[in-house]
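The values are calculated or read from the model by the stated rules, or taken from the named source; none is laboratory data. Not measured: the values here are computed from a predicted model. Quick reminder, even Gly has a Cβ in these numbers, built from the backbone with ideal geometry, and neighbours come from all protein chains shown.
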Amino acid sequence: MNRDQYDLDEDFIKLSSNILDLPESKISSMLNQRVLQKVSGLYPDYYRFDKGISGFEAGTAVFKHGDNILVVKGFPKIQRAIVLESAVRVHFEGSSTIAIEEKMNGYNVRIACIDGKVFALTRGGLICPYTTEKVTEEIDSEFFQTHPDLVLCGEMVGPDNPYVPNNIYPDVKSVSLFIFDIREKTTGKPLTIEKKYELCTRYNIKTVRYYGEYPIQSAAEIITKIIKELGEEDREGVVIKDPEMNQPAIKYTCSESTNNDLKYAFQFYNDYGRDFFFSRIIREGFQSVEWDENEEALHDRCCRLGESILKPMVGTIKKRKQGDRIAEDVRIRVNNLETAWQFEDHLKRLGVDALFEEPVFENGQYLILIRKINKSTNDRTGALLDGQLW
């Protein structure tokens with residue numbers, strides 16, 4: 001017997017087997033292989049799917065409370081349109097209209113009520129204490145009292161964002177939640193576009209920008225116009241949906257967003273997988289062809305792309321050469337210092353090397369600066385500067 005099996009919760013295996021409709025042997029195997037992982041933190045006896053398997057998306061969370069098992073399905077991966085016109089036509093074949101929403105630039109969270117308490121889960125299925133504090137400030141508790149079996153899916157954006165900080169939304173001074181989906185907790189089935197906005201309006205919950213519903217024949221032209229306008233505002237892109245939510249959504253992003261991703265990631269070039277870089281360069285090539293760019297527009301795109309790759313990396317190499325550590329500075333703003341210490345533990349659990357500065361009390365809240373050390377890029381850059389071969 002694998003020694004890890006001695007630590008398995010046989011009661012959890014038996015209870016979850018019934019709820020997940022999986023054999024006990026399958027659940028034991030997933031636990032041993034760490035596909036299904038136990039998580040310590042804000043809630044006891046809590047598990048998450050580290051990978052998608054057996055019809056459960058990565059990030060699906062499974063809570064044990066007494067003899068009850070509660071499941072919050074993971075958020076499905078949204079595929080990307082590379083050639084917009086043909087992707088919309090093929091993917092939404094048979095549909096007469098599509099709905100268009102803004103894709104905001106932040107981090108994906110699911111808000112769910114578990115045993116009477118509201119928690120915020122990251123895409124990976126981890127309860128984030130910082131996000132939980134923030135969303136409970138914004139979401140009226142009446143929503144979950146009336147709809148305990150629903151999950152709010154949204155994007156957390158703003159400058160006080162410890163995962164994806166940005167300052168491109170002028171109405172967001174700290175960090176804020178914008179809903180893009182409402183789903184059934186156990187099945188993950190989404191509500192229709194109409195029902196989602198009806199509920200969000202009723203409970204005064206903020207949503208992502210909704211552009212409306214359009215005929216499928218004119219969708220690509222309309223989306224291209226929206227994308228160019230969003231690009232001028234340094235926004236990310238759009239999500240294209242079936243109004244009835246019977247088909248999976250697809251996304252399409254601005255060139256400016258692609259370049260901003262590359263500028264950010266090439267500062268920490270050894271901490272990101274090569275597919276992160278390569279896929280974004282591919283997007284630029286296909287978009288240029290679809291937009292039928294002339295030589296001047298193509299030249300401008302090439303210059304933007306080259307600068308997005310090279311300038312941040314050169315900056316990183318120079319910093320390391322001067323003896324500086326390569327790090328990302330972020331910040332959080334909390335009402336309760338206990339939330340900050342819980343968030344510090346949360347980052348440790350994620351394997352993030354982070355240095356928390358002393359809290360500064362400001363306007364009734366504690367502002368805390370955090371320096372996240374990018375160890376892989378630090379070590380590799382230093383080694384190459386010292387003569388290591390590639």
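If you go through the range 369-390, how many residues are basic (Lys, Arg) and either in a helix (DSSP H, G or I) or more than 30 Å from Asn336 (Cβ to Cβ) (or both)?
Going residue by residue through the range 369-390, those that are basic (Lys, Arg) are 371-372, 375, 380.
Among the residues that remain, those that are also either in a helix (DSSP H, G or I) or more than 30 Å from Asn336 (Cβ to Cβ) (or both) are: 375, 380.
Of the residues in that region, 2 qualify.
Given the criteria of a type in the set (Lys, Arg) and in a helix (DSSP H, G or I), does Arg304 qualify?
yes
So is Phe286 buried (at least 20 other Cβ atoms within 10 Å of the Cβ) and touching a residue at least 60 places away in the same chain (Cβ under 8 Å) or not? Before you say what the answer is, go through the steps one by one.
On the way: buried (at least 20 other Cβ atoms within 10 Å of the Cβ): no; touching a residue at least 60 places away in the same chain (Cβ under 8 Å): yes.
No.
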Pairs, please: C-beta under 6 Å, at least 6 apart or cross-chain, first residue on the phi < 0 side of the Ramachandran plot and in the range 210-232, second charged (D, E, K, R)? Tyr210/Glu101; Ala220/Glu85; Gly231/Glu256
Pairs under 7 Å by beta carbon, first residue touching a residue at least 40 places away in the same chain (Cβ under 8 Å) and farther than 19 Å from Pro165 by Cβ in the range 352-380, partner surrounded by 14 or more Cβ atoms within 10 Å (Cβ to Cβ) and β-branched (Val, Ile, Thr), six or more apart or different chains? Asn378/Ile326
Check Asn246 against each of (1) in a helix (DSSP H, G or I); (2) without any contact (Cβ under 8 Å) to a residue 40 or more places away in the chain; (3) farther than 16 Å from Ile82 by Cα and name the one condition it does not meet. (1)
State whether the residues of the range 168-176 include one that is outside any loop (DSSP other than H, G, I, E, B) and not assigned by TED's automatic domain parsing to the domain that holds Gly237. yes
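Of the residues Leu22, Leu70, Leu84, Leu31, which is farther than 30 Å from Arg280 by Cα, in contact with a Phe, Trp or Tyr (Cβ under 7 Å, 6 or more places away or on another chain) and either of a type in the set (A, V, I, L, M, F, W, C) or surrounded by fewer than 18 Cβ atoms within 10 Å (Cβ to Cβ) (or both)?
Values: Leu22 fails: in contact with a Phe, Trp or Tyr (Cβ under 7 Å, 6 or more places away or on another chain); Leu84 fails: farther than 30 Å from Arg280 by Cα; Leu31 fails: in contact with a Phe, Trp or Tyr (Cβ under 7 Å, 6 or more places away or on another chain).
The unique qualifying residue is Leu70.
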From the options Leu262, Leu310, residue that is in contact with a Phe, Trp or Tyr (Cβ under 9 Å, 6 or more places away or on another chain), in contact (Cβ under 8 Å) with a residue 40 or more places away in the chain, assigned to a helix (DSSP H, G or I) and exposed (fewer than 14 other Cβ atoms within 10 Å of the Cβ): Leu310
Of all the residues that make up the range 70-101, how many are part of a strand (DSSP E or B), closer than 14 Å to Ala219 by Cα and more than 22 Å from the chain's Cα centre (by Cα)? 2
For Val238, which of the numbered conditions (1) in contact with a Lys or Arg (Cβ under 6 Å, 6 or more places away or on another chain); (2) of a type outside the set (Asp, Glu); (3) in a helix (DSSP H, G or I) fails to hold? (3)
Among the residues of the range 99-116, the number that are out of contact with any Asp or Glu (no Cβ under 6 Å at 6 or more places or on another chain), of a type outside the set (Val, Ile, Thr) and touching a residue at least 40 places away in the same chain (Cβ under 8 Å) is 7
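This table checks each residue for (1) among the hydroxyl-bearing types (Ser, Thr, Tyr); (2) touching a Pro at 6+ places or on another chain (Cβ under 8 Å); (3) at positive phi.
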site	(1), (2), (3)
Arg304	no, no, no
Ser308	yes, no, no
Gln322	no, no, no
Ile332	no, yes, no
Glu344	no, no, no
Ala354	no, no, no
Glu357	no, no, no
Filter the range 346-368 for residues that are touching a helix residue (DSSP H, G or I) at 6+ places or on another chain (Cβ under 8 Å) and not in a strand (DSSP E or B); which is modelled with the highest pLDDT? Pro359
Only listed residue being under 24 Å from the mean Cα position of the chain (by Cα) and either assigned by TED's automatic domain parsing to the domain that holds Gly41 or surrounded by 12 or more Cβ atoms within 10 Å (Cβ to Cβ) (or both), chosen from Asp275, Asp345: Asp345
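Only one residue in Ser376, Ser288 is in contact with a Leu (Cβ under 7 Å, 6 or more places away or on another chain) and among the hydroxyl-bearing types (Ser, Thr, Tyr). Which one?
Numbers: Ser376 fails: in contact with a Leu (Cβ under 7 Å, 6 or more places away or on another chain).
Exactly one of Ser376, Ser288 is in contact with a Leu (Cβ under 7 Å, 6 or more places away or on another chain) and among the hydroxyl-bearing types (Ser, Thr, Tyr), namely Ser288.
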Evaluate the following for Phe356: is it in contact with a Cys (Cβ under 9 Å, 6 or more places away or on another chain) and not assigned by TED's automatic domain parsing to the domain that holds Ser40? no
Among the residues of the range 211-232, which ones are loosely packed, with under 13 Cβ neighbours inside 10 Å and under 19 Å from Pro170 (Cα atoms)? Glu229, Glu232
Please tell me if Tyr252 is hydroxyl-bearing (Ser, Thr, Tyr), in contact (Cβ under 8 Å) with a residue 12 or more places away in the chain and not in a helix (DSSP H, G or I). yes
In the range 272-291, what residues are modelled with pLDDT under 95 and either part of a loop (DSSP other than H, G, I, E, B) or over 27 Å from Asp379 (Cβ atoms) (or both)? Tyr272, Gly273
